[in-house]
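The structure appears below as structure tokens.
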Amino acid sequence: MSMLVEISDLTKRYITTTALSDVTLDVPEGHIMGLLGPNGSGKTTLMKILAGLVSPTSGSVLVDGMAPGVATKAIVSFLPDVNHLDRWMSVGEAGDFYADFFSDFDRKRFQELLDIMDLSSGQKIGSLSKGMVEKARLSLVFSRRARLYVLDEPFGGLDPLARSQVLDALVANFRTDCSMVLSTQMVADVERFFDDVVFLDRGCVVLSGEAEKLRTRRGASIEDIYKEVYGHVETR
Amino acid sequence: MWKLVRYQLRGRRLLYTIGLITMCALTLYQATRFIGMRDNPVQSAPISMGVPLTMAFFWVLFYAAMTVINIVTYTQDLYGDTGYLVFSLPLRGAEVLGSRIVLLVFDTLVTLLGGMTSVIVLACLAPGLSQQVRPYVGRFLLTGDYWVMCLGVLAVIVSFMAIMFFGVTFGKTLTNSKKHLGSVFSALVVIAVLWASAQLGTLLEMRLFEGVHLTLSPWRNLPFLGLGTQPVQFPLVSPSLFVMLGVLAFAMTSWLMDRKLNL
Amino acid sequence: MEFDDRAPIYAQIMDLIKKWIATGELKVEQQLPSVRDLARQVVVNPNTVQKAYLELEREGYVATQRGMGTFVAGDYHTVDLLRQGLARDIVARYVAGMRSLGYGPEEIATMAAETARKETT
């Protein structure tokens, strides 16, 4: 199985803090990886590095064999954990913007996703509720036929109904020639979508592996393992 | 890059519309006052002259506002949430930065042309002044020296902004803090660069390029201005040095965006 | 679909399909839903469904025809065996539950028979 993402000994240091230290992990092509951990564990930094928005201090990161840069940005579809859209744009204009800059943007699929999410292209981003902005952003990100989807807290602002709409869209659009890395606090709701899981704590990988093997080995759900891992860490 | 410029312009369409309508309204207001006073040529030329000059001052204010907006939007892209959109596009840093410079040049040209139009229109209508001004408008617009001066000023402004952008970007590569620690730092960088540039410029002018000046007479086709028609000596060495620094700042900022960004 | 997240999901999908075969919901030589459709239906990762199909194929319950899809393999006999196997699993769970309450073999059988009679009338 070929690896779409190869990360080895990745370290990211800021002046006062170390966000990631010696992270090594691979994402096989066609796999969905869950990036788990409490706030401040380095998930967002790792995802921003994959998206080419943060430069690594040391170590190597390869996305489809290339170091993050202009070429990888063309094949990585990134969903940040905050609203990255200009408020003056309408949903449709945001679609035009994506279509203009990303050659893998599929307008037809965008329209389909807007229909599924009950959004219309005339709505202004600035006038949408938090959950609707979230759905618009997800529609944009999933409308790209990207090689790698990097989704930071994609279910954060969604109600249970919207969450199931999004999960359905995710399964319906998933292809075997792409991979997905996603972080979430709602482990129980999405753990059935993970092929692989990585538990991060204070910038280090504390546990990683195939979700099904972890379930078999520990006789526990990923959520239980999450509680165990971080409960343990906290009392240490 | 041009696509990015187009989207930025679209984002600012409301701002431009409001700004330009305000400026037009001010010009029209003054123009109607002048037209109303035409039968009453009591007002002397110097007082009439004051109105177009006030108008020019308003245009400077307009430009200052646009410049502040340019710096603020750039800072927001680096420190705010929209940067995640701009910097996840498959564009090189030079293209992102270039689009900002193009916008800046656009703002400058709009201000220059708009300002010139309103000042000339008002001068042509000003009681006691219009008779003197009208015959010279065409010739003034063809004064090469005037346009060279404008070009020089534009180059210096763009360089200054490039250095500002460099400061902001450099601050952001050092820290990922959202608390604008970087902006404080970037201000320091800008001040340091400006100071160094001024010192070096003076030094070069005194030691190496003594007496190198650019002598222009931008107002030579406006004889009614009196003393203003004398040729003006513009410094050449310091501004050239400054423009070179601007180019360097552009190159370094692009490099930082490509390699050292911490959004 | 209610799965138990403490056990491997693919094994539970295998059980689900075996149950469908045993109850006749999926007949011999009938085509299984596509991996993606089943994944959407039961809301899991398509790769997990794929793995379940591969395992079922290895155990001989289904067969994949290139470019056509996955079909239920075997004949009446294998389906019957499957049904008996599932029945034994249910009985085993029932018996274990009753034993933990302290009932003996005779009582377990009687109570089961009584309940079954009540249900049918």
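The values are calculated or read from the model by the stated rules, or taken from the named source; none is laboratory data. This is a predicted model, so every value here is computed, not measured. Every residue, glycine as well, gets a Cβ built from its backbone with ideal geometry; the counts of neighbours run over all protein chains shown.
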Expected output for the range A:199-225 (first residue among the polar types (S, T, N, Q), partner not in a strand (DSSP E or B), Cβ below 7 Å, 6+ apart or cross-chain) is A:Thr216/C:Pro8; A:Ser221/A:Glu191; A:Ser221/A:Arg215; A:Ser221/C:Asp5; A:Ser221/C:Arg6
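The rows are residues; the columns are (1) among the polar types (S, T, N, Q); (2) surrounded by 17 or more Cβ atoms within 10 Å (Cβ to Cβ); (3) without any contact (Cβ under 8 Å) to a residue 12 or more places away in the chain; (4) not assigned by TED's automatic domain parsing to the domain that holds B:Leu236.
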residue: B:Ala126; (1), (2), (3), (4): no, yes, no, yes
residue: B:Phe185; (1), (2), (3), (4): no, yes, no, no
residue: B:Val189; (1), (2), (3), (4): no, yes, no, no
residue: B:Ala192; (1), (2), (3), (4): no, no, yes, no
residue: B:Ala196; (1), (2), (3), (4): no, no, yes, no
Restricting the search to the range B:13-38, which residues are touching a residue at least 24 places away in the same chain (Cβ under 8 Å) and charged (D, E, K, R)?
-> B:Arg38
Hey, could you check the range C:1-32 for residues that are surrounded by fewer than 18 Cβ atoms within 10 Å (Cβ to Cβ) and within 18 Å of C:Gly67 (Cα to Cα) and say which is farthest from the other protein chains (Cβ to nearest Cβ)?
-> C:Glu29
Which helices (runs of 4 or more DSSP H) sit wholly inside the range A:77-142 and have at least 1 residues that are within 14 Å of chain B (Cβ to nearest Cβ) and surrounded by fewer than 19 Cβ atoms within 10 Å (Cβ to Cβ)?
-> A:91-101, A:130-142
Quick count over the range A:219-233, residues being facing chain C (nearest Cβ under 9 Å) and either surrounded by 14 or more Cβ atoms within 10 Å (Cβ to Cβ) or over 24 Å from C:Ala11 (Cα atoms) (or both), is 5
What helices (runs of 4 or more DSSP H), lying completely within the range B:113-229, carry at least 3 residues that are out of contact with any Gly (no Cβ under 8 Å at 6 or more places or on another chain), at pLDDT 85 or above and over 30 Å from A:Thr44 (Cβ atoms)?
-> B:144-174, B:181-207
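For every residue, the table says whether it meets (1) in contact with an Asp or Glu (Cβ under 9 Å, 6 or more places away or on another chain); (2) surrounded by fewer than 14 Cβ atoms within 10 Å (Cβ to Cβ); (3) within 30 Å of B:Phe250 (Cα to Cα).
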site	(1), (2), (3)
B:Gly19	no, no, yes
B:Thr32	no, yes, no
B:Pro52	no, no, no
B:Tyr63	yes, no, yes
B:Gln76	no, yes, yes
B:Pro90	no, no, yes
B:Leu97	no, no, yes
B:Leu103	no, no, yes
Note on the range A:1-49: residues part of a loop (DSSP other than H, G, I, E, B), surrounded by fewer than 19 Cβ atoms within 10 Å (Cβ to Cβ) and more than 12 Å from chain B (Cβ to nearest Cβ) are A:Met1, A:Ser2, A:Glu29, A:Pro38, A:Asn39, A:Gly40
Hits in the range A:146-180 - residues which are hydrophobic (A, V, I, L, M, F, W, C), buried (at least 20 other Cβ atoms within 10 Å of the Cβ) and away from chain C (no Cβ under 14 Å) | A:Ala146, A:Leu148, A:Val150, A:Leu151, A:Leu158
